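This report concerns only the one structure given below.
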Amino acid sequence: MKRFLLVGLGSIGQRHARLLRQILGDQVALSCWRQRKLNVIIDDQLSATFDRSPEEHYGIRSLPSLEEALQEPDLDGVFVTNPIADHMAIALAAARHGKHIFIEKPLASSWQGVAELDHLVRERGLVCTVAYMLRFHPAMRTIRALLQAGRLGRLVAANFHFGESLPYMHPYEDYRQGHMARRDQGGGVIFCLSHEIDSALWLLGKPASVCAVGGHLSQLQLAGVEDTASLLFAVPQTDGRTIPVHVHLNFLQRPAQRFMTIIGEKGWLHWDYFANAVDVYDGETRQNERVSFADFQRNDMFLDELNNFLAALDGKETLVTPLQAGMDVLAVCLAAHQALQSGQVEKVV
């Protein structure tokens, strides 16, 4: 029997509850602690009903305080699925109680508490993952394998793009009240759409510096956060070169658009997320190879991510996205925010 605490039961918290039931069946016991306590059930397609509580719907035991929840006997782990600005407080509390941790992305919205969490995870041998589920997409894994095999030759540039209309991301709620629209909850495109930043780091490496242009450029009603950001990373390569990597993020596009292009001396590839295909162009033969992922289901990423976490708890696998990966993305996000404010090139720590 596995026992997990869910801190937050919004759309992603409920998705994890469903998947834990799917994977473990009656061999999992779920408890929760949450603050807003909204009576809304949100399914995989983000459709919502308001006729009952998530606790009742998913069979989750609600506890009155975080401290009481963390003192539950035989608790295997804590899922941190509340607003970004509160991630670190919950993760630290869990680590201090010696609990394994699954943290939704991004890791945090500042460095406060991160060093202590890193120390506790290392000292106590805790499993701690940060949920960048795109690493489990079969297209991403295919691209990573192609790059590692040198299919494109020496890399020279890359472009990552994700734009989606914020009012339609969570259609069951007023976007102005959601965490993505509010600075006090860690909102804005740089933090909330940081999957593309993690993808760039996973495929190409951590940048040494970043410059940024953007801000609150639209008429969206936001509370102190950016709706648009174009980031340019300087990414060192093992041969001493530095390549430019562009990441564009926005809260505006409808329909959504998500793609990446990576260019090398021998060819280039392009992934269209919504077309479920990677095109690989050979510069010498001028031939195009298309790798289709037509059978891919979005929920599969979350399922594989959870299976990796559960296997790591049992010592059977290493984490695909360990705490250090989340710390690297946070370093880039914070440097990007600084670059937006300063208008200067900022170093990534």
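The values are calculated or read from the model by the stated rules, or taken from the named source; none is laboratory data. It should be emphasised that the depicted structure is a prediction, and the values quoted were computed from it without experimental measurement. Note: ideal-geometry Cβ built from the backbone for every residue, glycine included; neighbour counts use all protein chains shown.
Tell me, which residue of the range 242-276 that is closer than 23 Å to residue 205 by Cα and among the small types (Gly, Ala, Ser) is nearest to the chain's Cα centre (by Cα)? Only one residue fits best here, namely 264.
Residues of the range 173-208 being in a helix (DSSP H, G or I), farther than 11 Å from residue 247 by Cβ and among the charged types (D, E, K, R), which ones?
First, the residues of the range 173-208 that are in a helix (DSSP H, G or I): 175-177, 179-181, 183-185, 189-192, 195-204.
Now drop any that are not farther than 11 Å from residue 247 by Cβ, which leaves 175-177, 179-181, 183-185, 191-192, 202-203.
Within the range 173-208, 176, 183, 184 qualify.
The condition (being over 24 Å from residue 110 (Cβ atoms) and touching a residue at least 60 places away in the same chain (Cβ under 8 Å)) is satisfied by just one residue among 227, 184, 239: 239.
Determine whether the range 182-192 contains at least one residue that is in the same structural domain as residue 267 (by TED's automatic domain parsing) and within 15 Å of residue 260 (Cβ to Cβ). Write out each step before concluding.
Our first condition is that a residue be in the same structural domain as residue 267 (by TED's automatic domain parsing); within the range 182-192, this holds for 182-192.
Retained after the next criterion (residues that are within 15 Å of residue 260 (Cβ to Cβ)): none.
Within the range 182-192, none of the residues are in the same structural domain as residue 267 (by TED's automatic domain parsing) and within 15 Å of residue 260 (Cβ to Cβ).
Just one of the listed residues (124, 96, 141) is surrounded by fewer than 22 Cβ atoms within 10 Å (Cβ to Cβ), more than 19 Å from residue 235 (Cβ to Cβ), of a type in the set (Lys, Arg) and within 21 Å of the chain's Cα centre (by Cα), and it is 141.
Here are 70, 63: which of them is within 19 Å of residue 121 (Cα to Cα), surrounded by 13 or more Cβ atoms within 10 Å (Cβ to Cβ), more than 23 Å from the chain's Cα centre (by Cα) and assigned by TED's automatic domain parsing to the domain that holds residue 123?
70
Selection of the range 1-18 for residues being farther than 21 Å from residue 91 by Cα and either charged (D, E, K, R) or outside any loop (DSSP other than H, G, I, E, B) (or both) yields only 18. The range 209-314 holds strands (runs of 3 or more DSSP E) entirely within its bounds, and those carrying 1 or more residues that are surrounded by 19 or more Cβ atoms within 10 Å (Cβ to Cβ) map to 209-215, 228-236, 242-250, 257-264, 267-272, 277-282.
Per the conditions (1) surrounded by fewer than 23 Cβ atoms within 10 Å (Cβ to Cβ); (2) over 21 Å from residue 190 (Cβ atoms), the sole criterion not satisfied by residue 79 is (1). For residue 187, the conditions (1) surrounded by fewer than 21 Cβ atoms within 10 Å (Cβ to Cβ); (2) in contact with a His (Cβ under 6 Å, 6 or more places away or on another chain) are fulfilled apart from (1). Taken over the range 315-343, residues that are of a type in the set (Ser, Thr, Tyr) and either touching a Lys or Arg at 6+ places or on another chain (Cβ under 9 Å) or not in a helix (DSSP H, G or I) (or both) amount to 2.
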